[in-house]
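See below for the structure under consideration.
The values are calculated or read from the model by the stated rules, or taken from the named source; none is laboratory data. The shown structure was predicted, so the numbers you read here are calculated from the model rather than taken from an experiment. Note: ideal-geometry Cβ built from the backbone for every residue, glycine included; neighbour counts use all protein chains shown.
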Amino acid sequence: MTTPLPRYDFSLWYCLDDDAVATAICQLLAEHGFRGYVEHQDHVAGRQELSAVGEVIQASRVAILLLTPRSVADPWCRRVAEWNLDHAVHREGAKVIPVYVGVSREETSPALRHLNGLEYGERFFKQRLLSSLRKAGPHGQTPRPSGVSGTKKRAGF
């Protein structure tokens, strides 16, 4: 069985309360030519959530998990993180990058602690995130599906 080529350079998973940070990250990546799926912004209304999440996970080169006090306590966010890790490990799927915002590694799932993560407020955050995505392979070559919106412009770095 062949694995379909990724449609997204990244997928960004987060708790809805953390939309401003997610939007800022998405804008940074879009400015550098990366195409992505941003949870809570790009979900197509009327699609079944579970099947849509599975499709996006499989269609992404890099999964970015925004880890905040809200998301590490949220059952849905924890489950989506588990699905991304499962895909990365058992199906040789996307690279997973935890982004820590106001939480330490020790406050997150033991399964995430061993991954090389990034601190959102850290001095070289932008450069390290961009470098991580560039290392994951060629980007910006696949057209965006018609049901996926562009980035919102309400938060910046």
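I need every pair where a residue in region 14-38 that is under 18 Å from Val103 (Cα atoms) has its Cβ under 7 Å from the Cβ of a residue that is hydrophobic (A, V, I, L, M, F, W, C) and assigned to a helix (DSSP H, G or I), sequence separation at least 6 or different chains.
Sorted first by the residue in region 14-38, then by its partner, the pairs are Tyr14/Ala22; Cys15/Cys77.
Here's a check for you: in region 64-75, which residue that is more than 16 Å from Tyr120 (Cβ to Cβ) and either in contact with a Phe, Trp or Tyr (Cβ under 8 Å, 6 or more places away or on another chain) or of a type outside the set (A, V, I, L, M, F, W, C) (or both) is surrounded by the fewest Cβ atoms within 10 Å (Cβ to Cβ)?
In this case the residue turns out to be Pro75.
If we scan region 53-70, do we find a residue that is over 12 Å from the mean Cα position of the chain (by Cα), of a type in the set (Val, Ile, Thr) and at pLDDT 95 or above?
For region 53-70, residues over 12 Å from the mean Cα position of the chain (by Cα), of a type in the set (Val, Ile, Thr) and at pLDDT 95 or above: present.
For Leu66, are the conditions met, namely being over 15 Å from Val53 (Cα atoms), in contact with a strand residue (DSSP E or B) (Cβ under 7 Å, 6 or more places away or on another chain) and touching a residue at least 12 places away in the same chain (Cβ under 8 Å)?
Yes; evaluated as a whole, the condition is true for this residue.
Condition check ((1) assigned to a helix (DSSP H, G or I); (2) in contact with a helix residue (DSSP H, G or I) (Cβ under 8 Å, 6 or more places away or on another chain); (3) closer than 23 Å to Leu16 by Cα; (4) modelled with pLDDT under 90) across all residues:
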position	(1), (2), (3), (4)
Trp76	yes, no, yes, yes
Ile97	no, yes, yes, no
Gly102	no, yes, yes, no
Leu112	yes, yes, yes, yes
Arg128	yes, no, no, no
Pro138	no, no, no, yes
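Within region 8-39, track down each residue that is surrounded by fewer than 21 Cβ atoms within 10 Å (Cβ to Cβ) and either among the aliphatic types (A, V, I, L, M) or at pLDDT below 90 (or both).
Within region 8-39, Leu16, Ala20, Val21, Ala24, Leu28, Ala30 meet the criteria.
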